[in-house]
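Below you'll find the structure, written out as structure tokens, and then a few comments.
The values are calculated or read from the model by the stated rules, or taken from the named source; none is laboratory data. Keep in mind the model is a prediction, meaning the values are calculated, not measured. Quick reminder, even Gly has a Cβ in these numbers, built from the backbone with ideal geometry, and neighbours come from all protein chains shown. Remember, those area values only see protein heavy atoms, side chains included, never the ligands or the DNA or RNA. Shrake-Rupley method; radii C 1.70, N 1.55, O 1.52, S 1.80 Å.
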Amino acid sequence: METLAKLELHPLSEIEHLKVHGRTTGRLSPLTLFWTGSAVEFNVRGSELWVEIEVDYDTYEPWVSILINSVPVSRQMIIAGRSFICVFRGMNKEVIKNVRIVKDMQAMSGDPGNLLQIHAVKTDGDFLPVEERPYKIEFIGDSITTGEGAIGARTEEDWIPMWCSAIHNYSTMTASKLQADYRILSQSGWGILTSWDNNPRANMPDYYEKVCGILTGKKNEALGAFEENDFESWQPDVVVVNLGTNDGGAFYSPEWKDEVTGETYKQRLHEDGSYHEEDIQSFENALVRFLMKIRKYNKQAKIVWAYGMLGIPMMPAIYRAVDAFKQKTGDQNVSVFQLPNMTGQTMGARSHPGATAHEKAAEELSAYIRNLL
């Protein structure tokens, strides 16, 4: 660590030209990154840069990716504790480097001890303004939007953060193609009404108002995860929702039992394999309610319901729900977009879309959004 002696420490709260990506509390001493794709971005003129990161976890260790001039240059697991990580060194001191340090994994609802914070940076250089990009996009989704399986061999089946990527991900790729800043709210296995295993509490809409309401525990409460999100501070031009895949899976999964109340929940199929009318209607009603909520907080945004990378069994219900919302409200700034399906050649780890499938989805989705803007 001898190299640090010549470097100047800059707490994040004292850096004038700093850009924070992702939903946060707004606090910088330190900055807590909750969601996948959350990041800090700098323009640095110097030869060396280190970042001070603090990490904790009970089960799932955080991962980060580092991009220099928009290109991924490193990706690593961060062990528990507080330490400095070298971002770059030995570079031309006079050349400006755009640096983004990205949380490469989702918010871990199943690990209340999980924590990723950035305290400060050390550098021999100075900071310059970071450009404002012309558009803002919010992505809401499940494991596909988390980038689960976007990295790793097809044979990998372990559910671990190593196989999740915020970089090789259709959302990040779409934003890049559109020169947009973006935020991701995603949780593997969750849906609009229920999770893949019929848990009615594992739905994204119920927690949309909060900074990161899907988390649990006293630690996350103290960090501000359950605070009301400041929607006015960041208004997207487009909200992309990629939900419904897990709701569809719930019809084929066993019932879920609430161990406290003893109640059970199950999305039902008829004997002929068709969806039970009451249950598919509950799904559609939940979708309409979520569109109402999104519109409440994002009054000018185009809303795109994007669905299809792992099949389209819920597409008819999605179309009916979107049509019902439009008829009920007169809101014509909502549309449905069918994402290209993953193939045997584009499959990644854990039977999820690989990086190639995400790239194909980003190509088509970005072209569609470009026509809306």
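Select from the stretch 1-103 those GluC sites (Glu not before Pro) which occupy a DSSP coil region and have at most 15 other Cβ atoms within 10 Å, ordered by residue number.
Values: sites: 2, 8, 14, 16, 41, 48, 52, 54, 94; in loops: 16, 48, 94.
Qualifying residues, ordered by number: 16, 94.
Within the stretch 132-197, report the GluC sites (Glu not before Pro) that DSSP leaves as loop and that have at most 14 other Cβ atoms within 10 Å.
132, 157
If you keep only loop residues by DSSP, which trypsin sites (Lys or Arg not before Pro) in the stretch 224-307 have at most 14 other Cβ atoms within 10 Å of their Cβ?
268, 299
Around residue 11, under 14 Å between beta carbons, what's the net of Lys plus Arg minus Asp minus Glu among the other residues? Before the final figure, lay out the partial values.
Details: positive: 27, 82, 122; negative: 8, 14, 16, 52, 54.
Once positives and negatives cancel, what remains is -2.
With Cβ to Cβ distances under 15 Å as the rule, what net charge do the other residues near residue 154 carry (K, R +1; D, E -1)?
Values: positive: 350; negative: 148, 156, 157, 158.
Summing Lys and Arg as +1 and Asp and Glu as -1 gives -3.
Give the accessible surface of the chain per residue, rounded to a whole number of Å², with probe radius 1.4 Å and ligands, DNA and RNA excluded.
It amounts to 43 Å² per residue over the chain.
Ignoring ligands, DNA and RNA, please state the percent of accessible area on the stretch 73-167 from carbon and sulfur, probe 1.4 Å.
53
Go ahead and estimate [θ] at 222 nm for the chain from helices alone: -39,500 (n - 2.57) per DSSP H run with n ≥ 4, summed, over the residue count, rounded to 500. Please report the intermediate quantities before stating the final value.
Details: 7 runs with 78 residues, N = 373.
The helix contribution divided over the chain gives -6500 deg cm²/dmol.
Residues with beta-carbon under 9 Å from that of residue 167, excluding residue 167: net charge, scoring Lys, Arg +1 and Asp, Glu -1? Intermediate results must be reported in sequence, preceding the final value.
Details: positive: 75; negative: 104.
Cβ neighbours under 9 Å give a net charge of 0.
Carbon-plus-sulfur fraction of the accessible area of the stretch 274-373, 1.4 Å probe, in percent?
That share works out to 51 percent.
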